[in-house]
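> Here's a structure for you.
The values are calculated or read from the model by the stated rules, or taken from the named source; none is laboratory data. Keep in mind it's a predicted model, so treat the numbers as computed, not measured. Glycine also receives a Cβ, built like all others from the backbone with ideal geometry; neighbour counts cover every protein chain displayed. When the accessible area is computed, the model is the full protein with side chains, heavy atoms only, and any ligands, DNA or RNA have been set aside. Shrake-Rupley method; radii C 1.70, N 1.55, O 1.52, S 1.80 Å.
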Amino acid sequence: MRTPTTFERAVDAKDIGALTELLAPDVAFRSPVVYRAYEGRELVSAVLGAASRVFEDFEYVQRFHSDDRAALIFKARVGEREVEGLDLVRFDEDGKVSELTVMVRPMSGVHALAAAMGEELERLGVAPPRVAE
């Protein structure tokens, strides 16, 4: 069994400061509920902080690693909804997270996540990414 990465340990600890340090300056976060990616360390850090408050009983249950990527399967709760999900992580040449894509199931969990994250991000004043016009 491979030992957890620094990224996984920071997620498990809900250590947003450590997570922020692990993000590349131009990191892209692809949410399961928003079409466009959140981009940049500061914005992605805020989104991850919100997610750490929304997901309860978060636990990585399986891990798959390659040289510059990880697929991390998790289970958690969002309010009363149990969810399963997948974090696809890409690391740059410096070992920083350059891309993070999250997928969640079932649909009822996605709806609960969208509502809870929307409220949390609104509270923080973080707007969803906009499509260029």
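> As I understand it, the dipole of the chain uses +1 on the Cβ of Lys and Arg and -1 on the Cβ of Asp and Glu, about the Cα centre. Which of 16, 89, 34 lies farthest toward its positive end?
Final value for the positive-end residue is 34.
> Turning to a different aspect of this structure: Where the centre of each part is set by its Cα atoms, how far does the range 10-85 sit from the range 115-130, in angstrom?
Cα centroid of the range 10-85 versus Cα centroid of the range 115-130: 15 Å apart.
> Sticking with this one: Relative contact order (percent) for the chain, with alpha-carbon contacts under 8 angstrom and 6 or more residues of separation?
23 percent
> Just to make sure I understand: if all protein chains stay in place, what is the order of 87, 67, 15, 92 by accessible area at 1.4 Å, largest first?
Sorted descending by solvent-accessible area, the residues read 67, 15, 92, 87.
> A further question follows. Keeping all protein chains in place and using 1.4 angstrom, which order do 97, 34 fall into by accessible surface area, from largest down?
34, 97
> Still on this model: At a probe size of 1.4 Å, how large is the accessible area of residue 84, to the nearest 10 Å²?
The accessible area of residue 84 comes to roughly 90 Å².
> Could you report the accessible area of residue 107 in Å², rounded to 10, computed with a 1.4 Å probe on the protein chains as they sit in the structure?
The accessible area of residue 107 comes to roughly 120 Å².
> Here is a further query. When the dipole is taken about the Cα centre of the range 5-55, and only Lys, Arg (+1) and Asp, Glu (-1) are charged at their Cβ, what size is it in debye, to the nearest 20?
200 debye
> Counting only protein chains, not ligands or nucleic acids, how are 66, 45 ordered by accessible area (probe 1.4 Å), most first?
Listed by decreasing accessible area, they come as 66, 45.
> Over the Cα atoms of the range 82-133, what is the Rg over Rh ratio if Rh follows Kirkwood?
Numbers: Rg = 14.1 Å, Rh = 13.2 Å.
Reported Rg/Rh (Cα atoms, Kirkwood Rh): 1.07.
> Explain nothing, just compute: Karplus ³J(HN,Hα) = 6.51 cos²θ - 1.76 cosθ + 1.60, θ = phi - 60°, for every residue of the range 117-129 in order, whole Hz, x for Gly and Pro.
5, x, 5, 5, 5, 5, 4, 7, x, 9, 8, x, x
> Show the residues, 5+ positions off or on another chain, whose built amide H is closer than 5 Å to the amide H of residue 96.
none
> Same structure, new question: Rounded to the nearest percent, how much of the accessible area of the range 1-76 (1.4 Å probe, protein heavy atoms only) is carbon and sulfur?
So the carbon and sulfur contribution to the accessible surface is 49 percent.
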